[in-house]
1. Can you pull out the residues in the stretch 181-226 that are part of a loop (DSSP other than H, G, I, E, B) and more than 15 Å from ligand 2 (Cβ to nearest atom)?
2. Please find, within the stretch 43-56, the residue that is nearest to ligand 1 (Cβ to nearest atom) out of those that are under 19 Å from the mean Cα position of the chain (by Cα) and closer than 17 Å to residue 254 by Cα.
3. Are any of the residues in the stretch 169-178 more than 21 Å from the chain's Cα centre (by Cα), crowded, with 19+ Cβ neighbours inside 10 Å and either outside any strand (DSSP E or B) or without any contact (Cβ under 8 Å) to a residue 12 or more places away in the chain (or both)?
Ligand SMILES: [Zn+2]
Ligand SMILES: [Zn+2]
């Protein structure tokens, strides 16, 4: 009998000082962004008993330093490809990676056994910024860490996901009274900047897909947000949506977040009959 190996996602660190997320299924592993230094990314992988050399690829969302800092060295040190869109490869410029991997927008890209569909989102990188819908054997993951606005297109992409990793960058009032120059405040708060707790709450309250089992809050500002406020804002929105069954994980800048194991949830509903379905539970939430 084949072992059942769940898909696991662990945010190694997230915030404006560096982002990196581990996605794994059995011995297939990849990193989405390596915006921590190489040394720090390797240290955090070691701390959860994942040898850095077991990572098979790096996938890049966009060419901001908080997403790319350690990526080229990680690629060279371990001889793994860096998947980035052609535009991101170009503006990243001198990046000395071991090899480039393809990343085509609005198409399925097979990377380490995962099926990535990148799509462009509103954010202020020089080249495009992409979010992902990632198909896995345990259901789909939506991933958007830098996103100024959740458009109808993004909502559509995320509708059938079981896990969403999504930005909860700032509390609007803390940003307004905070120490940043007015121009920076405007950039962050704009639709090409970063998603606020409040904007995320609107998305959750009004548009959260029925399949979602877990929300991982990402890219929290250390200056303009408080993890407890971001979490409370999200939980209130879930409650208003009648979805207080959804798990909330708050990722942090300075430490590894708890691992989300998609295999620990009941199998996603598939079209047609499923195996082992003799016992039908009529009101099982989707
Ligand atoms: Zn960015
Ligand atoms: Zn960022």
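1. So in the stretch 181-226, the residues part of a loop (DSSP other than H, G, I, E, B) come out as 181, 190-195, 208-213, 219-226.
Residues satisfying the conditions are 181, 191, 208, 209, 210, 211, 212, 213, 226.
2. 44
3. Initial filter on the stretch 169-178 (more than 21 Å from the chain's Cα centre (by Cα)): 172-178.
Then drop every residue that is not crowded, with 19+ Cβ neighbours inside 10 Å, which leaves 175.
Among the residues that remain, those that are also either outside any strand (DSSP E or B) or without any contact (Cβ under 8 Å) to a residue 12 or more places away in the chain (or both) are: 175.
Checked the stretch 169-178: at least one residue is more than 21 Å from the chain's Cα centre (by Cα), crowded, with 19+ Cβ neighbours inside 10 Å and either outside any strand (DSSP E or B) or without any contact (Cβ under 8 Å) to a residue 12 or more places away in the chain (or both).
Taken together, the values in this text are just the output of simple stated rules run on the coordinates, not laboratory data. What you are looking at is a predicted structure, and each value in this text was computed from that prediction instead of being measured. Because the Cβ atoms are built from the backbone with ideal geometry, glycine has one as well, and the counts that use them run over all protein chains shown.
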